[in-house]
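First up is the structure itself, then whatever we jot down about it.
The values are calculated or read from the model by the stated rules, or taken from the named source; none is laboratory data. Owing to the predicted nature of the structure, the values given are computational and were not obtained by experimental measurement. Methodologically, a virtual Cβ is constructed for each residue, glycine included, from the backbone with ideal geometry; neighbour enumeration extends over all protein chains shown.
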Amino acid sequence: MTTFTNPILPGDRPDPAVIRVGEEYWMTYSSFEAAPGLLLHRSRDLVNWTYVTAALPEPIGNTFAVDIAEHDGRFFIYIPFIPAPWSELTEPSIFVVHADAMEGPWSAPVDLGIRGAIDPGHVVDAEGRRWLFTNGIRRIRLSDDGLSTIGELEKVYDGWRYPDEWITEAYALEGPKLFRRGEWFYLVSAVGGTAGPPTGHMVIVARSRSIDGPWENHPRNPIARTTDAAQKWWSRGHATLVPAPGAAVEGGDWWMVSHGYENGFRTLGRQILLEPIRWSADGWPEAALDDIGGALVAPRGAGAQPDAVGFDDDFAELRLGERWAFHAPGLGEAARLTAGDGLRMAGKGAGPADTSPLAILTGAHAYEVEVDVELEGDAEAGLLLFFNNRLFCGMGIDGERMLSYSGGIRTHWREPAPATRRIALRIRNEEHIVSGWYRVGGGKWTRHAIRYETSGYHSNTIGDLLSLRPALYAAGAGAARFRDVRYRPLA
């Protein structure tokens with residue numbers, strides 16, 4: 001019997017959207033202000049996932065929860081973009097990209113003209129007409145080709161109301177995912193707020209014989225929720241339900257893919273969770289387990305989960321999307337990068353807060369990352385643990401001194417590092433205790449005099465739904481060359 005443990009895909013990968021295509025599953029998730037965005041992963045067993053491509057090389061706004069759809073042999077990803085300081089949007093707007101195959105290539109985003117809505121969910125009604133549902137829960141008709149809309153958004157469902165004494169962040173009816181099974185259309189939604197208290201987020205279900213309603217609430221809602229802050233996974237919600245590998249829609253096992261924060265490690269963001277679903281005698285999906293924090297029996301035929309591995313990167317191949325992504329990029333951000341003799345990154349901004357650093361996701365409780373940094377011209381560059389432009393820590397050099405950062409600001413501490421234009425930097429994060437080292441010319445490592453405690457570097461502190469990520473930055477009018485990046489999970 002093969003078992004697995006959550007998460008099935010570690011690191012900050014919220015709002016998972018999953019589609020089964022033949023014998024394969026494809027998944028993406030909210031990429032927010034990262035570029036490339038909408039990273040697509042493929043699996044045959046729901047447990048082991050492989051990166052394939054990025055559907056969104058350059059986001060045009062903050063990329064929220066999407067839905068993936070297949071219709072008449074063509075594939076669609078419906079995307080809500082939210083205004084960001086670097087984008088030209090003025091209100092939430094839903095777009096779509098499309099492709100002949102999930103591997104791509106994917107089209108440029110097409111504006112559907114939907115404003116003031118997020119979290120699209122695609123469904124085809126009994127007559128073959130296409131619809132998008134959104135947060136609210138509202139719906140709007142799609143054209144037959146899925147690339148434009150007909151009419152206006154209309155309210156169609158009021159949701160299920162949990163008891164007032166439950167401790168949640170906010171009601172926040174969102175994340176609709178729809179599917180048809182037998183004579184019923186099922187509407188899976190999230191309520192309770194995705195951050196805030198650990199017991200907030202939850203999964204609710206309603207059904208109707210027609211997408212016109214009326215929608216009948218599951219008599220045993222919610223079907224999934226963190227009920228106790230002692231559980232391993234907090235804020236469980238935003239779910240997609242899919243048949244098990246090899247199973248028919250009308251029978252066999254089903255599984256639910258959702259997200260949650262790991263107890264004690266909100267810094268890692270919302271990670272992707274998998275749990276079994278059973279169907280009741282009265283035709284409702286039910287979560288088979290109350291707590292999904294331990295070892296779970298895997299779908300039939302699933303392979304063993306791999307151990308976490310690190311990497312060495314000399315940038316002979318620039319693995320944007322698969323490994324690296326810019327935070328809060330402008331259009332054409334990738335033009336800052338030139339591979340060859342390491343990675344040359346042109347400077348941007350005046351410091352870490354406005355430089356669009358190049359970051360990696362991590363799901364490890366403890367890890368170490370190293371890099372060799374060389375300045376070119378008038379520049380500052382270094383190595384960070386980066387949450388967003390208001391919250392980060394780490395160190396860099398400007399040719400005259402070492403610059404130290406904590407809590408999103410430059411600290412008063414003057415580290416007695418030598419003045420140099422080339423230096424090796426190391427950061428170790430041991431379950432929120434962060435230490436730094438540096439060395440010049442292959443000499444002995446010197447520990448930075450200050451350690452940081454970063455357990456508060458998370459969404460409830462700063463009000464941004466992101467995670468703490470190792471990142472490289474280069475600021476100023478010059479550039480920096482990064483060589484020999486080493487990342488190692490320690491636990």
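How many of the residues in segment 294-321 are more than 30 Å from residue 480 (Cα to Cα), touching a residue at least 12 places away in the same chain (Cβ under 8 Å) and either surrounded by 17 or more Cβ atoms within 10 Å (Cβ to Cβ) or not small (Gly, Ala, Ser) (or both)?
Qualifying residue count, segment 294-321: 8.
What residue, of 375, 385, is crowded, with 21+ Cβ neighbours inside 10 Å, in contact with a Lys or Arg (Cβ under 8 Å, 6 or more places away or on another chain) and closer than 14 Å to residue 469 by Cβ?
Only one candidate passes the filter, namely 385.
Is it the case that residue 97 is in a loop (DSSP other than H, G, I, E, B) and not acidic (Asp, Glu)?
no
In this structure, does residue 380 turn out to be buried (at least 18 other Cβ atoms within 10 Å of the Cβ) and of a type outside the set (S, T, N, Q)? Step through it out loud before you land on a result.
Values: buried (at least 18 other Cβ atoms within 10 Å of the Cβ): yes; of a type outside the set (S, T, N, Q): yes.
When the stated conditions are applied, residue 380 passes them.
Which residue, of 447, 481, is over 26 Å from the mean Cα position of the chain (by Cα), buried (at least 17 other Cβ atoms within 10 Å of the Cβ) and not aromatic (Phe, Trp, Tyr)? Talk me through it step by step, then tell me what you get.
Details: 447 fails: buried (at least 17 other Cβ atoms within 10 Å of the Cβ).
One residue alone meets the criteria, 481.
Mind counting the residues in segment 6-23 that are in contact with a Pro (Cβ under 9 Å, 6 or more places away or on another chain), modelled with pLDDT of 95 or more and farther than 27 Å from residue 357 by Cα?
Total meeting the criteria: 1.
From the list 189, 143, 210, which residue is modelled with pLDDT of 95 or more and under 27 Å from the mean Cα position of the chain (by Cα)?
When all the criteria are applied, what remains is 189.
I'd like the residue in segment 136-161 that is in contact with a Ser or Thr (Cβ under 9 Å, 6 or more places away or on another chain) and closer than 19 Å to residue 207 by Cβ and, out of all such residues, is surrounded by the most Cβ atoms within 10 Å (Cβ to Cβ).
Here the answer is 137.
From 464, 484, which residue is among the acidic types (Asp, Glu) and not in a loop (DSSP other than H, G, I, E, B)?
Numbers: 464 fails: not in a loop (DSSP other than H, G, I, E, B).
That would be 484, the only listed residue that is among the acidic types (Asp, Glu) and not in a loop (DSSP other than H, G, I, E, B).
Just to verify a result, which residue in segment 462-478, among those that are of a type in the set (A, V, I, L, M) and within 24 Å of residue 407 (Cβ to Cβ), is surrounded by the fewest Cβ atoms within 10 Å (Cβ to Cβ)?
The extreme case among them is 462.
Within segment 196-211, take every residue that is in contact (Cβ under 8 Å) with a residue 40 or more places away in the chain and farther than 24 Å from residue 279 by Cβ and give me the one that is surrounded by the most Cβ atoms within 10 Å (Cβ to Cβ).
198
Taking the condition of being on the phi > 0 side of the Ramachandran plot and either at pLDDT 95 or above or touching a Leu at 6+ places or on another chain (Cβ under 6 Å) (or both), how many residues in segment 238-259 meet it?
Going through segment 238-259 one residue at a time, the tally reaches 1.
Select from segment 404-432 the residues that are free of Cβ contacts under 8 Å to residues at least 24 places away in the same chain and of a type in the set (A, V, I, L, M) and write down the one among them that is nearest to residue 475 (Cα to Cα).
409
So, residue 416, is that one at pLDDT 95 or above and part of a loop (DSSP other than H, G, I, E, B) or not?
Against the criterion (at pLDDT 95 or above and part of a loop (DSSP other than H, G, I, E, B)), residue 416 qualifies.
Given the options 66, 123, name the one that is farther than 23 Å from residue 41 by Cβ, crowded, with 20+ Cβ neighbours inside 10 Å and either at pLDDT below 95 or in the same structural domain as residue 41 (by TED's automatic domain parsing) (or both).
Going through 66, 123 in turn, the sole match is 123.
Looking at segment 390-413 only, could you name the residues that are among the polar types (S, T, N, Q) and part of a strand (DSSP E or B)?
Initially, segment 390-413 is screened for residues among the polar types (S, T, N, Q), giving 404, 406, 411.
Matches in segment 390-413: 404, 406.
For segment 389-429, give me each residue that is surrounded by fewer than 22 Cβ atoms within 10 Å (Cβ to Cβ) and closer than 14 Å to residue 456 by Cα.
Within segment 389-429, 390, 406, 407, 408 qualify.
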